[in-house]
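The values are calculated or read from the model by the stated rules, or taken from the named source; none is laboratory data. Small disclaimer: the values here were computed from a predicted structure and weren't measured. Glycine also receives a Cβ, built like all others from the backbone with ideal geometry; neighbour counts cover every protein chain displayed.
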Amino acid sequence: QRGYTPDTFEYIYVARLESWIDGISVYRSRQKMGEKLAEKIKVVLGEKGVEEIDAIIPVPETSNVAAAALAQKLGKPYVTALVKNRYVHRTFILPDQASRLRSVRRKFSFVESEFKGKNLVI
């Protein structure tokens, strides 16, 4: 019999924000992921590339904390421009890619003015 073995996906997506897994805060782990991503973006894009970013847009709900930490570290605005349909549930568990794509199209809508002509990190 195999015991409980959480993986990274648990911290990123499955666990509730206020949860603790093996003594580690899910909230804080997502915050750290955003901070680490900011460091990586600075290395990959360089100073000029970071300057060209207009805003950070989270994909609700699980990326909200990481995106907020990323925005803070990069000194960029955090913009809520993707809207989640709360009646469409987890799409990654659907049986095939076509079903997942249809479901994602129903799952999110967006504020067009926050996307048009902008350089964004989503």
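Taken together, the criteria exclude THR5 from residues that are of a type in the set (Ser, Thr, Tyr), modelled with pLDDT of 90 or more, part of a loop (DSSP other than H, G, I, E, B) and out of contact with any Gly (no Cβ under 7 Å at 6 or more places or on another chain). Of all the criteria given as (1) over 19 Å from GLU114 (Cβ atoms); (2) surrounded by 15 or more Cβ atoms within 10 Å (Cβ to Cβ); (3) touching a residue at least 12 places away in the same chain (Cβ under 8 Å), the one not satisfied by LEU94 is (3). The residues of the stretch 1-60 that are within 13 Å of the chain's Cα centre (by Cα) and of a type in the set (Asp, Glu) amount to a single one, GLU35. Looking at ILE24, ILE41, ILE12, ILE57, just one residue is touching a Leu at 6+ places or on another chain (Cβ under 6 Å) and under 27 Å from THR91 (Cβ atoms), and that residue is ILE57. Taking each residue of the stretch 42-62 that is over 30 Å from ARG106 (Cβ atoms) and modelled with pLDDT of 95 or more and looking for partners that are outside any loop (DSSP other than H, G, I, E, B) and of a type in the set (D, E, K, R) with beta-carbon atoms closer than 8 Å, six or more apart or interchain, yields VAL50/LYS42.
Every residue, every condition in (1) under 20 Å from PHE9 (Cα atoms); (2) of a type outside the set (D, E, K, R), yes or no:
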{"site": "GLU35", "(1), (2)": "yes, no"}
{"site": "LEU45", "(1), (2)": "no, yes"}
{"site": "PRO58", "(1), (2)": "yes, yes"}
{"site": "ALA69", "(1), (2)": "yes, yes"}
{"site": "PRO95", "(1), (2)": "yes, yes"}
{"site": "PHE110", "(1), (2)": "no, yes"}
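Going by the structure shown, is VAL88 in contact (Cβ under 8 Å) with a residue 40 or more places away in the chain, β-branched (Val, Ile, Thr) and surrounded by 13 or more Cβ atoms within 10 Å (Cβ to Cβ)? No; evaluated as a whole, the condition is false for this residue.
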